[in-house]
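**Q** One structure is given below, represented as structure tokens, and several questions about it will come after.
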Amino acid sequence: MRPLLAVDGLTKHFPLRGGLLNRTKAVVQAVDDVSFEVGAGETLGIVGESGCGKSTTARLLMHLVPLDHGTIAFDGKAVGAGAELSRRDLHRQMQMVFQDSYASLNPRLPVAMSIAFGPLVHGLAKSASLARARDLLQAVGLDPMLFANRYPHELSGGQRQRINVARALALEPRLVILDEAVSALDKSIEAQVLNLLIDIKERFDLTYIFISHDLNVVRFISDRVLVMYLGKVVELGPVDRIYREPRHPYTKALLSAMPSMDPRRRTMDAPLSGDPPNPINPPSGCRFRTRCPFAEAVCADVPPTLTMGHDGRAVACHMLVSGSGHSRA
Amino acid sequence: MTDTPAIAIAEPVEALRRAQQGKSYWKRVWERLRRDKVTLAMAAILIALLTMVIFAPWFTAHDPYQGSVLRRLKPIGFPGHWLGTDEVGRDLWSRMVYGGRLSLLAGVMPVFLALLVGGFLGILAGYAGGLVNSAIMRLADVLYAFPSILLAIAITGILGAGLRNTILALTIAFVPPLVRISEAVTTQARHLDFVEAARASGAGTMRILQYHILSNVLGPILVYATSLISIGIILAAGLSFLGLGVTPPNAEWGLMLNNLRQALWVDPVICALPGVMIFITSMCFNLLSDGLRQAMDVRL
Amino acid sequence: MWAYIVRRLLYAVPILLGVSMLVFALIHLAPGDVVDLLVPPEVPKEIADSLRARFALDQPVYIQYFAWLGRLLVGDLGISFFTNRPVADELFSALGNTLMLALPAALLGFGLGVVLGALAAFNRGTWLDKAFSATAITGVSLPHYWVGIVLVAIFSVILNVLPAQGMGGSGFPTSWEQARHLILPVVTLSLIPMGVISRLVRANVLEILSHEFVGTLHAKGLLSRRVLYHVMKNAAPSALALMGLQFGYLLGGSILVETVFNWPGSGGLMNLAIFRRDVPVLSATILVLATIFVVINILVDVLQALIDARMRR
């Protein structure tokens, strides 16, 4: 089965300028050699701490930020300027829902117009675009009679996020990226919107990439999960198995930091030691080594590669690769 | 019980529908303006002024160019000339009303033209960023190196006096501040999430500017332009005062101020009159601009 | 920070070049040949032609520009075609006279501006503040040259207590009689900076007062004077920056007031030059005033950077 989205070697470095001639003083290695695939119809969760590169990855996928290196292939077709699938065509296949529901909507436009903007720009007549907008409002659970001509400031956070979902659907995409789409909502609203997302996914036969720092929510909605640390992928695999049996030390630490309702599972020691390093000067070799309790000399010399295991799980850690030079391999 | 009148039901539905229309930003600005008494008063004064000035022949009894050696510098209240006459015997009231035409034109037109040029360049610089931005802003910086009055004097002093050069000079003087503010608000708007979302929809530059940038940017620019008009009126009259603006024998407030100054020792009160007009007009535009700013500062 | 300062200084160079190009372009665009402007019309054609050759007017424009620029850089501002004296001499004595007005006006305007603005901010909402707002908006709408005329009308014509025009003698005022001539022009000139500074100070002080930590200071029982000191210290940097700018405007924009009072400063010089079509004097004056304005702007930026850095430490 050909994956719907195949990403290989995605890299983005942001230069920091300053000094006398506005030279590049340093480089923020936001995303470094990220590769993964997303199958049609699945939900891939992406988790990590703030600053690990999840949002930048999303923007790279959407071509909102230019790539430094790497390839993106949608449904087998290469994406890029002059490639098989142009940026404009990509946007008809892949859309995004942003985190800040209020800032994502133009305060001067009625929400129906915000939704209709996408189809309008791609050539659909204004009346047809607005009609589609009203249908989508219905689909996300908002009565078009009541909501079509409202303005963003007249709506609640949950309602606005529904509008954002409707807008993402307006171009009839096949893949939707949800970048912290529910993170800013109250818990009860969050649950409603999550259920809406699941419902929509089935109804419109969509594929999701769900980015979040909330591990519980990711577990609830994802089929597979990808764990990022400091711009790199450290673990990838089916969500239940990773949550039950994390292999990468970072994933283990992340999961053990989740508060649990079970009184038998108490966190005694702090799962991670040391300071989170700087994405401007990431540690050599394995980026996690400065906080890893199992770090050894090889971890500083050789960056681990994401090796796909036999069970559909991939980990980037020397401990799990025999012959890597690590004592636990 | 069965014949409930259909009209009575329709009304609440209609009211409900209207309530769901949602109030657009400009409608809310308008509603706020309507309740702002000071701004309304200023607008009324300006409209009255404009009417008088445009339909000057209807409001004045004398020819503003017709002087009379016998009737020079008559004081206020002189029969037939209720504000007196100027140093060559022309009716002061007529001169002031007719003078309003050129004063207002010389004050407002440059701002309007500068708004078109500066607004366009500023929005372009703000949206395009990079080299285009640098080029435009650096050029604006060169013009900014001159205090406005100096720039206006430079242009009219070297190129010559007259209405056309005055308007040209003031337009050039007003372009840099308008470029600056347009660029600032556009750069701010460009980084807003909904603009990014619009780009993610695959929209091109033109559409994004049309639907997303302009409506969010025009408000502050307009407010600033209105406040510039009050400065424009003062500067235009100032240029005429120096002999660089409107030329005699035309009537214009600044020019009149200069001419009447020589008669200061004869009748000090008359000399003040043209200045009062400049002051009132400038003040009206200032308060109008403040009112607009407050109305547009709608907290969403 | 030093990088910023150096960059700012370097940036001034293209700006000044641009300014010179603008003035040169204006001279060139003036109706009539440049020599016609430099030389009285009665002069016979041969002399005019030899002047053209001497001033390299038969050369392409950019060569003329560089020649002109070269002369400027060594201090040769040209010869006034009316008085036949070097422009530089007249200009610098005129600048001195303008400074004689600008400095006191700045002190008066800034001083009163700070006091009024602070008073209004500390008494926010009271009639004092409302009176201030009314005055402020009136002040910004007043044509200051008209105010000058009105002051002359009141104090010279009607009351006859102050002189209406002129300096009453050259050089620094040495007598009360001479000093009297300064009063009206200085007051007139100080109006705009006073208005602008007071508005800014009021806004800044209000903003600082609204910070929570000021409330904390008050709650801790610190004397009002301490709060005052703290507030002023925080409001100072941007106020000082604006003062610098306003001083630049005072120097460069004094022409209107100087015209009203027949004051022989740089503005008065420009006035005469306009009247006499004395283009060398006019263009040189504009160039020098603009240069001073640019320099003041740079100084203000650099000082602000220094103060910012000190405050952050």
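The values are calculated or read from the model by the stated rules, or taken from the named source; none is laboratory data. Just so you know, these numbers come straight off a predicted model, no measurement behind them. All Cβ positions, even for glycine, are placed from backbone atoms using ideal geometry, and neighbour counts span all protein chains on display.
**Q** Being more than 25 Å from B:LEU214 (Cβ to Cβ) and either more than 13 Å from every other protein chain (Cβ to nearest Cβ) or over 22 Å from the mean Cα position of the chain (by Cα) (or both) is the filter here; which residues of the range B:165-194 pass it?
**A** Scanning the range B:165-194 gives B:THR166, B:ILE167, B:LEU170.
**Q** Continuing with the same structure: So if I check each of B:ALA154, B:ALA128, B:ALA114, which one is within 14 Å of chain C (Cβ to nearest Cβ) and either surrounded by fewer than 24 Cβ atoms within 10 Å (Cβ to Cβ) or closer than 28 Å to C:LEU289 by Cβ (or both)?
**A** Values: B:ALA128 fails: within 14 Å of chain C (Cβ to nearest Cβ); B:ALA114 fails: within 14 Å of chain C (Cβ to nearest Cβ).
Going through B:ALA154, B:ALA128, B:ALA114 in turn, just one is within 14 Å of chain C (Cβ to nearest Cβ) and either surrounded by fewer than 24 Cβ atoms within 10 Å (Cβ to Cβ) or closer than 28 Å to C:LEU289 by Cβ (or both): B:ALA154.
**Q** Within the range B:101-115, identify whether any single residue is touching a residue at least 12 places away in the same chain (Cβ under 8 Å), under 30 Å from C:ARG8 (Cα atoms) and within 19 Å of the chain's Cα centre (by Cα), and answer yes or no.
**A** yes
**Q** Could you count how many residues in the range B:131-147 are buried (at least 18 other Cβ atoms within 10 Å of the Cβ) and more than 8 Å from chain C (Cβ to nearest Cβ)? I'd like the intermediate steps shown before the answer.
**A** Going through the range B:131-147, the residues buried (at least 18 other Cβ atoms within 10 Å of the Cβ) turn out to be B:133, B:136-137, B:140-147.
With more than 8 Å from chain C (Cβ to nearest Cβ) added as a condition, the list becomes B:133, B:136-137, B:140, B:144.
Total satisfying the criteria: 5.
**Q** Can I ask one more? Those residues that are under 20 Å from the mean Cα position of the chain (by Cα), under 21 Å from C:ALA273 (Cα atoms) and of a type in the set (A, V, I, L, M), I need them from the range B:225-267; list them, please.
**A** B:LEU235, B:ALA236, B:ALA237, B:LEU239, B:VAL246
**Q** Now a separate question. Exactly one of these conditions fails for B:LYS23: (1) modelled with pLDDT under 80; (2) crowded, with 19+ Cβ neighbours inside 10 Å. Give me its number.
**A** The number of the failed condition is (2).
**Q** Give the residue, chosen from C:PHE92, C:PHE110, that is assigned to a helix (DSSP H, G or I), over 27 Å from C:ASN234 (Cβ atoms) and aromatic (Phe, Trp, Tyr).
**A** Values: C:PHE110 fails: over 27 Å from C:ASN234 (Cβ atoms).
Residue meeting the stated conditions: C:PHE92.
**Q** Given (1) touching a residue at least 60 places away in the same chain (Cβ under 8 Å); (2) aromatic (Phe, Trp, Tyr); (3) more than 8 Å from chain B (Cβ to nearest Cβ), where does A:PHE98 come up short, assuming only one miss?
**A** (3)
**Q** Does B:ALA161 fit the bill of being assigned to a loop (DSSP other than H, G, I, E, B) and surrounded by fewer than 21 Cβ atoms within 10 Å (Cβ to Cβ)?
**A** On the way: assigned to a loop (DSSP other than H, G, I, E, B): yes; surrounded by fewer than 21 Cβ atoms within 10 Å (Cβ to Cβ): yes.
In short, yes.
**Q** For the range C:150-209, which positions are within 12 Å of another protein chain (Cβ to nearest Cβ), among the polar types (S, T, N, Q) and surrounded by 15 or more Cβ atoms within 10 Å (Cβ to Cβ)?
**A** Of everything in the range C:150-209, just one residue is within 12 Å of another protein chain (Cβ to nearest Cβ), among the polar types (S, T, N, Q) and surrounded by 15 or more Cβ atoms within 10 Å (Cβ to Cβ), namely C:SER156.
**Q** Now, a different point. Based on this model, can you work out whether B:GLY219 counts as over 23 Å from B:LEU92 (Cα atoms), at pLDDT 85 or above, surrounded by fewer than 20 Cβ atoms within 10 Å (Cβ to Cβ) and more than 14 Å from chain C (Cβ to nearest Cβ)? Can you show your working first?
**A** Numbers: over 23 Å from B:LEU92 (Cα atoms): yes; at pLDDT 85 or above: yes; surrounded by fewer than 20 Cβ atoms within 10 Å (Cβ to Cβ): no; more than 14 Å from chain C (Cβ to nearest Cβ): yes.
Against the criterion (over 23 Å from B:LEU92 (Cα atoms), at pLDDT 85 or above, surrounded by fewer than 20 Cβ atoms within 10 Å (Cβ to Cβ) and more than 14 Å from chain C (Cβ to nearest Cβ)), B:GLY219 does not qualify.
**Q** Separate question: One residue is enough: does the range A:150-162 have a residue meeting the conditions away from every other protein chain (no Cβ under 11 Å) and touching a strand residue (DSSP E or B) at 6+ places or on another chain (Cβ under 9 Å)?
**A** The answer is yes, given that some residue of the range A:150-162 is away from every other protein chain (no Cβ under 11 Å) and touching a strand residue (DSSP E or B) at 6+ places or on another chain (Cβ under 9 Å).
**Q** Part of a helix (DSSP H, G or I), closer than 18 Å to B:SER94 by Cβ and of a type in the set (A, V, I, L, M): which single residue out of B:LEU239, B:LEU288, B:LEU273 fits that description?
**A** Details: B:LEU239 fails: closer than 18 Å to B:SER94 by Cβ; B:LEU288 fails: closer than 18 Å to B:SER94 by Cβ.
Exactly one residue qualifies, and that residue is B:LEU273.
**Q** Picking from A:ALA131, A:ALA139, A:ALA181, which residue would you name as being without any contact (Cβ under 8 Å) to a residue 40 or more places away in the chain and away from every other protein chain (no Cβ under 11 Å)? Can you show your working first?
**A** Numbers: A:ALA139 fails: without any contact (Cβ under 8 Å) to a residue 40 or more places away in the chain; A:ALA181 fails: without any contact (Cβ under 8 Å) to a residue 40 or more places away in the chain.
Result: A:ALA131 is the single residue among A:ALA131, A:ALA139, A:ALA181 that is without any contact (Cβ under 8 Å) to a residue 40 or more places away in the chain and away from every other protein chain (no Cβ under 11 Å).
**Q** Continuing with the same structure: For B:LEU214, state whether it is at pLDDT below 90 and within 14 Å of chain A (Cβ to nearest Cβ).
**A** So B:LEU214 does not fit the description; no.
**Q** Quick one: how many residues across the range B:68-111 are among the hydrophobic types (A, V, I, L, M, F, W, C) and crowded, with 17+ Cβ neighbours inside 10 Å? Full working, then the answer.
**A** Narrowing the range B:68-111 to residues among the hydrophobic types (A, V, I, L, M, F, W, C): B:69-70, B:73, B:76, B:78, B:82-83, B:88, B:92-93, B:96-97, B:102, B:104-106, B:108-109, B:111.
Subset that is crowded, with 17+ Cβ neighbours inside 10 Å: B:73, B:83, B:92-93, B:96-97, B:102, B:104-106, B:108-109, B:111.
Final tally of qualifying residues: 13.
**Q** Oh, and also: Out of the residues in the range C:114-144 that are assigned to a helix (DSSP H, G or I) and loosely packed, with under 15 Cβ neighbours inside 10 Å, which is nearest to the other protein chains (Cβ to nearest Cβ)?
**A** So in the range C:114-144, the residues assigned to a helix (DSSP H, G or I) come out as C:114-122, C:127-141, C:144.
Next cut, loosely packed, with under 15 Cβ neighbours inside 10 Å only: C:115, C:127-128, C:130-131, C:133-134, C:138.
Values: C:VAL115: 23, C:TRP127: 17, C:LEU128: 20, C:LYS130: 13, C:ALA131: 16, C:SER133: 10, C:ALA134: 10, C:THR138: 7 Å.
Per the criteria, the residue is C:THR138.
**Q** Turning to a different aspect of this structure: Got a sec? Which helices (runs of 4 or more DSSP H) wholly within the range B:28-135 have at least 3 residues that are under 25 Å from B:LEU222 (Cα atoms) and among the hydrophobic types (A, V, I, L, M, F, W, C)? It would help to see each step written out before you state the result.
**A** On the way: elements: B:37-54, B:56-59, B:92-128.
In the range B:28-135, B:37-54, B:92-128 are the helices (runs of 4 or more DSSP H) which contain 3 or more residues that are under 25 Å from B:LEU222 (Cα atoms) and among the hydrophobic types (A, V, I, L, M, F, W, C).
**Q** Restricting the range A:99-117 to residues that are surrounded by fewer than 24 Cβ atoms within 10 Å (Cβ to Cβ), within 22 Å of the chain's Cα centre (by Cα) and not small (Gly, Ala, Ser), which is nearest to A:ALA128 (Cα to Cα)? Walk me through it before giving the result.
**A** Quick first cut of the range A:99-117, residues surrounded by fewer than 24 Cβ atoms within 10 Å (Cβ to Cβ) only: A:99-100, A:102-103, A:107-110, A:113.
From what is left, the residues that are within 22 Å of the chain's Cα centre (by Cα) are A:99-100, A:102-103.
Restricting the remaining residues to those that are not small (Gly, Ala, Ser) gives A:99-100, A:102.
Working: A:GLN99: 28, A:ASP100: 28, A:TYR102: 26 Å.
In this case the residue turns out to be A:TYR102.
**Q** Take the residues in the range C:252-277 that are at the interface with chain B (Cβ under 10 Å from one of its Cβ atoms) and not in a helix (DSSP H, G or I), then tell me which one is farthest from C:PHE92 (Cα to Cα).
**A** C:ARG277
**Q** Can you name the residue in the range A:62-81 that is in a strand (DSSP E or B), crowded, with 16+ Cβ neighbours inside 10 Å and of a type in the set (A, V, I, L, M) and is also nearest to the other protein chains (Cβ to nearest Cβ) among such residues?
**A** Let us first name the residues in the range A:62-81 that are in a strand (DSSP E or B), namely A:69-74, A:77-79.
Those left that are additionally crowded, with 16+ Cβ neighbours inside 10 Å: A:70, A:72-74, A:79.
If we keep only those that are of a type in the set (A, V, I, L, M) too, we end up with A:72-73, A:79.
On the way: A:ILE72: 15, A:ALA73: 19, A:VAL79: 13 Å.
The qualifying residue nearest to the other protein chains (Cβ to nearest Cβ) is A:VAL79.
**Q** Looking at the range B:251-265, which of its residues are assigned to a helix (DSSP H, G or I), under 14 Å from B:LEU73 (Cα atoms) and touching a Ser or Thr at 6+ places or on another chain (Cβ under 9 Å)?
**A** Here is the first cut: in the range B:251-265, the ones assigned to a helix (DSSP H, G or I) are B:253-261.
From what is left, the residues that are under 14 Å from B:LEU73 (Cα atoms) are B:256-257, B:259-261.
Across the range B:251-265, the qualifying residues are B:MET256, B:LEU257.
**Q** Sticking with this structure for a sec: Checking the conditions here, which among B:MET283, B:MET256 is closer than 30 Å to B:ARG28 by Cβ and either facing another protein chain (nearest Cβ under 10 Å) or modelled with pLDDT under 90 (or both)? Explain how you work it out, then say what you get.
**A** Numbers: B:MET256 fails: closer than 30 Å to B:ARG28 by Cβ.
Among B:MET283, B:MET256, only B:MET283 is closer than 30 Å to B:ARG28 by Cβ and either facing another protein chain (nearest Cβ under 10 Å) or modelled with pLDDT under 90 (or both).
**Q** Sort out which residues of the range B:228-253 are surrounded by 20 or more Cβ atoms within 10 Å (Cβ to Cβ) and either among the hydroxyl-bearing types (Ser, Thr, Tyr) or within 28 Å of B:GLU196 (Cβ to Cβ) (or both), and write them in order of number. Before you say what the answer is, go through the steps one by one.
**A** Quick first cut of the range B:228-253, residues surrounded by 20 or more Cβ atoms within 10 Å (Cβ to Cβ) only: B:228-242, B:244-246, B:251-253.
Across the range B:228-253, the qualifying residues are B:SER230, B:SER240.
**Q** Further question on the same structure: Tally the residues that are within 20 Å of B:ILE172 (Cα to Cα) and more than 9 Å from every other protein chain (Cβ to nearest Cβ), restricting the search to the range C:1-25. Give the steps one after another, and end with the answer.
**A** Within the range C:1-25, the first condition is being within 20 Å of B:ILE172 (Cα to Cα), and the residues that meet it are C:14-25.
With the extra rule that they be more than 9 Å from every other protein chain (Cβ to nearest Cβ), the set shrinks to C:20, C:24-25.
Residues in the range C:1-25 being within 20 Å of B:ILE172 (Cα to Cα) and more than 9 Å from every other protein chain (Cβ to nearest Cβ): 3 in total.
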